[in-house]
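Here the structure comes first, spelled out in structure tokens, and everything after it is commentary.
The values are calculated or read from the model by the stated rules, or taken from the named source; none is laboratory data. Since the model is a prediction, treat every value here as computed from it, not as a measurement. Positions of Cβ are generated from backbone atoms using ideal geometry, with glycine treated the same way; all protein chains shown enter the neighbour counts.
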Amino acid sequence: METRHKILLLDDDVRFLETYQRILMQLPSNPEVRIAASGARALAMLESESYRLLICDLKMPKMDGLQVLSIVRRKFPALRTVVLTSVLDEQFRSRAYALGVDLFWEKPTSQQEIKIFLDCLESLLDREDEPGFRGVQSKSLVDLIQLECISQSSSVLRITNGPLTGRIWINSGDVIDAETETLSGEEAFNKILSWKTGNFEMLPTEPAHPRNITKSYNALLLETAQAIDEAREGAKADAGATTTTHGEPQSPLTALARVEGVEFVLALKAGPNNLHESRGLENPDRMAAWTRQSLDSFRALGEHLQAGNVEHVEGLGPQRNVTLACHGQMEFCLGWQLSLSPQTIREQTRKAITLWGS
């Protein structure tokens, strides 16, 4: 006899629970749908029997959804999790994905949205275990680190890859240390991020842990991505392959990414198609749209003031320094380390743009 999946729906709104319990029972797999009106009740139910899926609200009294998800990820790592919330906040979204949720969904407001939501749930219920890091199957470990740092959280990530185990310490959004086998610091960080599959769990923060990594997380991830790309290209070369793809030379963006102080680079080709390429960015599509919109606005301002063509625009902030620049038919957005002076950023921007054209 085939076992029905069990779904636990958690929300402090009793009317919502009753409504969505009926909706979820319409799923083709005919799951058993249980409800809980508090985080404590939900955790007790998860302890008492096995569930396939937890659907959780975020904003709840006493124990909020993020606290529940943090406990669930440690105690029930195989449980699939979905956030269903009316709270539209990127901090919440980033933090939820860093905790390993499979889906983050705004509460549906129409029959069409409900249908799409149910289709996603059915696919999630039927999904077999896939390669990747449990909880965020479509994301790499690089994505997980970025999400944790973007949310400026403090935690310890424990990653296992078969017999191998590693830890990464994050304090207030900064990667401060890593260790695996006999390695520590940046060497351990690079080694761990070279793993393609495994499991991860979030352990309580260790505020007294010493800092052995001083680079920003963006710089670390960018260097790691470059090292992995170089290793992959080296393997191709050893096998008799060239370092080109489909007969085209390697992207000059790699050279820009190696300019000292660069944390990320984005290059856009002028035109309506919004074609772009990036290194070190979690969401290049959004950054590309912002870059194009910003440069268009500055061009319009330059025309209004009769100041000539835009060459580059510098933006200095408490969390990130960026430069927008134009070169021929290309537009660029470069992210810089906060420690760099405006004069250094200006000089390094010119160097980066020169590298592109060389």
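Quick look at the numbers
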item: Selected residue [outside the structural domain of Q146 (by TED's automatic domain parsing), touching a strand residue (DSSP E or B) at 6+ places or on another chain (Cβ under 7 Å) and modelled with pLDDT under 80] from L334, L275; result: L275
item: Residue list for the stretch 18-36, filter: closer than 22 Å to F104 by Cβ and in a helix (DSSP H, G or I); result: T19, Y20, Q21, I23, L24
item: Hey, V259 in a loop (DSSP other than H, G, I, E, B), modelled with pLDDT of 65 or more and either surrounded by 11 or more Cβ atoms within 10 Å (Cβ to Cβ) or in the same structural domain as L340 (by TED's automatic domain parsing) (or both) or not; result: yes
item: Number of positions in the stretch 284-312 that are free of Cβ contacts under 8 Å to residues at least 12 places away in the same chain and among the polar types (S, T, N, Q); result: 3
item: Some residue of the stretch 37-56 being in contact (Cβ under 8 Å) with a residue 24 or more places away in the chain, within 25 Å of D119 (Cβ to Cβ), in contact with an Asp or Glu (Cβ under 7 Å, 6 or more places away or on another chain) and not in a strand (DSSP E or B); result: no
item: Count - residues of the stretch 315-354 that are farther than 15 Å from E263 by Cβ and in contact with a Pro (Cβ under 9 Å, 6 or more places away or on another chain); result: 0
item: Elements of type helices (runs of 4 or more DSSP H) contained in the stretch 71-165, each with 2 or more residues being at pLDDT below 75 and surrounded by 15 or more Cβ atoms within 10 Å (Cβ to Cβ); result: 90-98, 141-150
item: Members of the stretch 45-70 found to be at pLDDT 90 or above, surrounded by fewer than 16 Cβ atoms within 10 Å (Cβ to Cβ), of a type outside the set (G, A, S) and closer than 24 Å to R158 by Cβ, listed by number; result: E47
item: Residue within the stretch 297-304 that is surrounded by 12 or more Cβ atoms within 10 Å (Cβ to Cβ), at pLDDT below 80 and either basic (K, R) or more than 13 Å from C333 (Cα to Cα) (or both) present; result: no
item: Lone unmet requirement of (1) touching a residue at least 40 places away in the same chain (Cβ under 8 Å); (2) touching a helix residue (DSSP H, G or I) at 6+ places or on another chain (Cβ under 7 Å) for L338; result: (2)
item: Residue match in the stretch 342-358 (condition: out of contact with any Asp or Glu (no Cβ under 8 Å at 6 or more places or on another chain), surrounded by fewer than 21 Cβ atoms within 10 Å (Cβ to Cβ) and not in a helix (DSSP H, G or I)); result: yes
